[in-house]
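Please treat every number below as a calculation from the coordinates, not as lab data. Being a predicted model, the structure only gives us computed values, none of them experimental. No Cβ is skipped: glycine too gets one built from the backbone with ideal geometry, and neighbour counts run over all protein chains shown.
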Amino acid sequence: MKNDRSWTEIDLTNFKNNIKELKKFFHPQAEFMQIVKADAYGHGAFQIAKKAIECGAISLGVANVQEGLLLRYQGIKITIVILSPSLENEIEQILENDLIPTISTLDFAVKLNKKGKCKIHINIDTGMGRSGFYYEKALENIKKIKNLENLEIDGIFSHYSSAEEDPEFTKLQSDRFEEILSKLDVMPKYIHISNSSGVITFPNKYANLVRLGLLSYGIYSNKDMKNKVILKPVMTFKSRITQIKYAKKNDSIGYNRTFIAPENMKYAILPVGYADGYDFLLSNKGKVIIKNLVCNIVGKVSMDMIAVDVTKVAETKVGNEVILLGDSNENITVENLTLLYGGLSYELLSQIGRRAKRYYKENGKIIDSSPLLRREFMPKDLSDNKLGNIIETAIEQRLQSKEIANLVHEDILKRLFAEKDKDIHYRRNFKHSIKFEESTKSPFGRGNERGFADNFYLTSTTLSFTKKLQNDYFYVACAKTESDLEKYFLRNDVEYRWLLDNSINLKEMFFTVTSVKVNNIELYNEMKIADGCIEIKCYHPNLKSLVGKEVDFSISTKTYYPKSSHQLSVYIIEMTQGVNISFESELKNVEAVPIFSGKSKFPKILKSKNKISISTDKDEWVFPTSGVVFVY
Ligand SMILES: *Cc1c(COP(=O)(O)O)cnc(C)c1O
């Protein structure tokens, strides 16, 4: 938060408390569906969904297929009902992702029935005048839907238009609904009509499911509601001062000069505007809290900035925290802010935080945050959820920041699934063994030049793996600096890379390939030393016929490693399935520090007298940028 220009704090403890309070009004048999449409009224659908499930929600309500898909892709498994009518072209995604559409027309039901088996909820318009079958036509349509063999009626529902303020009409809607239900020969599993206000104002016996929205977010739909139930707002919207300004009497502030300073004044510029969801209609009306004092918005709300009068606030500084919305003060509750301009709580909440990051709080502590950039992303293929989860933990682990991790995760998925033509290279059965020995002989032969043998371990390495052969040749490369070596990471014709100690002269005796095999064909190799790097080309005429096939590589080298280094790193730079990396030496106290991004963050470490090895299961995927550091 320290680095944020504006942010929202989502108090999950308050949310949990609200659910608890609302449950007191439930009919004993009633379950609840958490409404998380519009990104859970701006609170973040995924986090709210998780918490609601913890609180006992048996299903989630979303507005459209996209919202449902996103939750599925984030790993939510429970029932998801799409509350608005769906389009024909969304049917496939509905079926593939196990979402429940609501049926509001016979035409859609027939189309859905043709595509496959599907659970549905039927929507009846008992007076809302929006989507759904008009109540007088409901029964005949339900009958027809019952005859569609692929559709299973899991629920029938209706929606109140004015549960918070009009008991008479609410009762009329409820009666109409009940009458229809009484004429059904078979009751579907779920009957529901109440939104969160209805739960408080019109508890009914025949329904066994309620749909909780606004009130669960701690916002009262009506003043009277306050006397009936005690709720706590879940969202707080905050920002900070980016500039302090002084206006002389009669100076104007903001677009179109709607505010003229009545006196000399001090004001603050905040980096929040209507593009952040701070409503334009709060121009010259809104209030914010700075250092516990109420300050007025002066001038028009701009796209990205507002000005507030801080004349009476002592010692204001750039960076001071500002509360724009929340319950710390009566003036800035959602209910009262919307009252200032005749706005709607639902609207204000769902538009807040388009730019602001969300921080999730539990028991006063921040436990999580959601991405900075709320890009919309939908992978075409969600079938491999497992892979998604692996990637997510992998990246999270690597980046230590969930928020960045999520962004990178999205990018990776996009690359994996959205761009299908991309060829992904991966290795299987990855085995890398490294062995240190005292080098009794100097590579220089007699004379033991500069005491070389005393300072370096003779190092033998063998790398083997299975991979698709891409060309009839490949390279083994060796460089003295990380940046030189890095360029070999980007080349896909290089299969082995080694970082040579900087103090060693690049001569062939310091790095030699002792054997390179592909499927047991011993390859020829040709060394080239240039620009601080050694490149060894490995090739064989028989490789041509193997190009495009999976082959077994085996590459063995001999080199020298400085004793003074005290550590040796092995990196994995391609998607790899099944890893075994071992280090053998006479040294005592060797430790292995794996930095792994894979399904399990901690691979197996096996120690024996001379050898320490790191391994995963044979079919476990390990992601690029994993590695292990042996410390000696
Ligand atoms: C949005 C919505 C709700 C939730 O209403 P609240 O007033 O926020 O509790 C319930 N049912 C349906 C069909 C909705 O679209």
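7 Å from Cα along Cα→Cβ at both LYS228 and LEU172: what's the point-to-point distance in nm?
Label at LYS228, label at LEU172, 1.9 nm between them.
Stretch ARG491-LYS609 to full length: gain in nm at 0.36 nm per residue minus the Cα-Cα span?
38.7 nm
Based on DSSP H runs of at least 4 residues, each adding -39500 (n - 2.57), what is the mean residue ellipticity at 222 nm of the chain after dividing by all its residues, to the nearest 500 deg cm²/dmol?
-6500 deg cm²/dmol
What spacing in nm lies between the two simple spin-label points modelled at LEU587 and GLU330, each 7 Å away from Cα in the Cβ direction?
About 7.0 nm separates the two model spin labels.
Using every pair of alpha-carbon atoms in region 235-370, split the distances into 10 Å bins beginning at 0 and state the percent of pairs per bin, rounded to integers.
With 10 Å bins starting at 0, P(r) equals 12, 44, 34, 8, 2.
Quick one: what Rg and Dmax do you get for region 116-220 from the alpha carbons, in Å?
That works out to 14.0, 43 Å for Rg and Dmax.
Tell me, what is the FRET efficiency for MET187 and GLN29 to the nearest 0.05, using R0 = 22 angstrom and their Cβ-Cβ distance as r?
0.95
What is the Cα radius of gyration of the chain over 2.2 N^0.38 Å, N being its residue count?
1.28
What percent antiparallel are the DSSP beta bridges of the chain, to the nearest 5?
The antiparallel fraction comes to roughly 70 percent.
Check every DSSP H run in the chain and write down those whose alpha carbon atoms cover 20 angstrom or more along the long axis and whose mean Kyte-Doolittle hydropathy is -1.0 or greater.
Length and hydropathy pass: 167-182, 385-399.
Hey, with R₀ at 41 Å, roughly what FRET efficiency would ALA63 and ALA314 work out to, going by the Cβ-Cβ distance, to 0.05?
The calculated FRET efficiency here is 0.30.
Among the lysines, which fall within straight-line cross-link reach of LYS146, defined as a Cα-Cα distance under 21 Å, with same-chain neighbours fewer than 8 residues apart omitted?
LYS111, LYS114, LYS115, LYS117, LYS119, LYS137, LYS183, LYS189
Of LYS537/LYS563; LYS245/LYS300; LYS480/LYS558; LYS245/LYS361, which pairs sit farther than 22 Å apart, going by alpha carbon to alpha carbon?
Long pairs (Cα-Cα over 22 Å): LYS537/LYS563; LYS245/LYS361.
Shape call for region 541-632 from the C-alpha gyration tensor, a ≥ b ≥ c root eigenvalues: rounded (a/c under 1.5), prolate (a/b greater than b/c) or oblate?
oblate
Relative contact order (percent) for the chain, with alpha-carbon contacts under 8 angstrom and 6 or more residues of separation?
With pairs under 8 Å counted, the relative contact order is 10 percent.
Relative to the present Cα-Cα distance, how much length would full extension add between GLU347 and SER161 at 0.36 nm per residue of separation?
65.3 nm
Find the percent of Cα-Cα distances in region 1-41 that exceed 15 Å, and round it to a whole number.
61
Modelled label-to-label distance, LYS144 and LYS20, 7 Å Cα→beta-carbon offset: nm?
My value for the distance between the label points is 4.9 nm.
For ASN502 and TYR206 in one chain, what is 0.36 nm times their gap in residues minus the Cα-Cα distance, to one decimal in nm?
Taking ASN502 through TYR206 to full extension adds about 98.6 nm, to one decimal.
Using a Förster distance of 30 Å, how high is the FRET efficiency between SER483 and ASP304, based on the Cβ-Cβ distance and rounded to 0.05?
E between SER483 and ASP304, to the nearest 0.05, is 0.15.
Once you compute Rg and the Kirkwood Rh from C-alpha atoms, what is the Rg to Rh ratio for region 42-87?
Answer for region 42-87: 0.94.
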